[in-house]
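The structure appears below as structure tokens.
The values are calculated or read from the model by the stated rules, or taken from the named source; none is laboratory data. From a predicted model like this one, the values you see are computed outputs, not experimental measurements. When we count neighbours, we look across all protein chains shown, and the Cβ atoms used for this are built from the backbone with ideal geometry, even at glycine.
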Amino acid sequence: MSESIVHPLGALNIPSPEEYRKRKVALISGITGQDGSYLTELLLEKGYEVHGIIRRSSSFNTGRLHHLYEDQHERPNKFKLHYGDLSDSTNLVYIIAQVQPTEVYNLGAQSHVKVSFEMAEYTGDVDALGTLRLLDAIRTCGLEKHIRFYQASTSELYGKVVETPQSETTPFYPRSPYGCAKLYAYWITVNYREAYGMYACNGILFNHESPRRGRTFVTRKISRAAADISLGKQACLYLGNIDARRDWGHARDYVEGMWRMLQQPQPEDFVLATGETHPVREFVEKAFGILGIKIKWQGEGEGEEGIDVKTGKVIVKVDTRYFRPAEVDLLLGNPAKAERVLGWKRKVDFDSLVKEMVEADLKAAKSLVEDQN
Ligand code: NDP
Ligand code: GDR
């Protein structure tokens, strides 16, 4: 029997949670980002109606969704974008009321750690308070018992190494304004779960990459530079701390884990990781190696350089400009709980990830060269 609730705001006639959840409607903040695009693909494949929040921009910002947007003409009621921003509460309430999603994935964020040192307040506003605004928008609409909520938490919460491998029980020690903002978002998600009985989960995801990764994150910066240097389009790649170690997986595997977290009987928090860690310099060696370029390192610390063994040219240089005021030296995750409870396991290994990224950037760089000729 569907029980109709007249909401205090008088805006919505809401059926019972059981009735409400018979539909499959997802709302994604951060849909234009790397993860947003893979998650949209996954949910459309699973038969969801997918709604996304996009920011107004003077330049084109839906490149990662282009292939899906084109399809929209074929399935007009399955995929819709709404203008909005995590800094605008009224807008979030309006979107929730209008879309009436069954699942909300909060992926929107100022997600660059280095940039967060320069834009600390903004990062706090969007990444911390933005999460609160979205949770409150759900409550304002009287949908806190109806909607399942995913929060994009991060291995940056662990920050300074307290123990490895890092799991759901490892204490947090964030090392950047981004990490601190995400710490608030983590706890407000837990708090709303406990205070209001919301189905709200934190996915504590370790780094995940792909050919769609933003170009200023280290893996994509390396894969693009390796492709361009191999084609003679770029002379040298400038990097910061090449001894930092990360647990790198593929974004497509990780969005599958996000979805699984929202299909459980009870809401819980989960780590998604590969259980392997690699230094940035190994990513560099592998990326160039795929293109037949062998690197020899010389010098130390700030003066360290990578030389192309065949030509003797310096093709990688450490540049202090990319150092961070406080660094996260080592991330290594333990995905045992996700493997056990969610039946989730990463499919793409480190070597395959580097290969896929380098080959995609090589193909793109070659087609650009052809276009210019
Ligand atoms: P991206 O940087 O690729 O995407 C971020 C998304 O957030 C973009 O769609 C961006 O929009 C949007 N956004 C930024 N500011 C706002 C705002 N004020 N209001 C609404 N939307 C906004 O990140 P990823 O896809 O890599 O990551 C997704 C989420 O997961 C992020 O929250 C990130 O912090 C977190 N995370 C990522 C990990 C990773 O390794 N990729 C690991 C752990 C957590 P626009 O395109 O207009 O800029
Ligand atoms: P991270 O990713 O900070 O882990 O955050 P990023 O790729 O930016 O840095 C990884 C490591 O590489 C070192 N590094 C450089 N980083 C960048 N961006 N550019 C460089 O030139 C460079 N040289 C060395 C960094 O110092 C760092 O140690 C990512 C983001 O997606 C977050 O949103 C997410 O929460 C975490 O991953 C998990």
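Of note:
- Checked against the criterion of being within 18 Å of the chain's Cα centre (by Cα) and under 26 Å from MET198 (Cβ atoms), the candidates THR90, THR123, THR140, THR102 yield just one match: THR123.
- Count of the range 138-178 residues, restricted to those that are among the aromatic types (Phe, Trp, Tyr) and in a loop (DSSP other than H, G, I, E, B), is 3.
- Residues in the range 84-119 that are touching a strand residue (DSSP E or B) at 6+ places or on another chain (Cβ under 7 Å), of a type in the set (A, V, I, L, M, F, W, C), within 10 Å of ligand 1 (Cβ to nearest atom) and over 14 Å from LEU132 (Cβ atoms): LEU107 alone.
- Among the residues of the range 226-243, some residue qualifies, meaning at least one is assigned to a helix (DSSP H, G or I), in contact (Cβ under 8 Å) with a residue 60 or more places away in the chain and closer than 24 Å to LEU331 by Cβ.
- Top-ranked residue of the range 127-148 - restricted to ones that are within 16 Å of ASN91 (Cβ to Cβ) and within 16 Å of ligand 2 (Cβ to nearest atom), ranked as surrounded by the fewest Cβ atoms within 10 Å (Cβ to Cβ): GLY130
- Unmet requirement for LEU132, which otherwise passes all of (1) of a type in the set (A, V, I, L, M); (2) touching a strand residue (DSSP E or B) at 6+ places or on another chain (Cβ under 6 Å); (3) within 30 Å of PRO325 (Cβ to Cβ): (2)
- For beta carbons closer than 9 Å, sequence separation of 6+ or different chains, a first residue in the range 106-122 that is farther than 15 Å from GLY240 by Cα and near ligand 2 (Cβ under 9 Å from one of its atoms) and a second that is among the basic types (Lys, Arg) and modelled with pLDDT of 95 or more, the qualifying pairs are ALA109/LYS182.
- Tabulated pairs, the range 312-338, first within 16 Å of ligand 1 (Cβ to nearest atom), second of a type in the set (Asp, Glu), C-beta under 6 angstrom, 6+ apart or interchain: LEU331/ASP247; LEU332/ASP247; GLY333/ASP247
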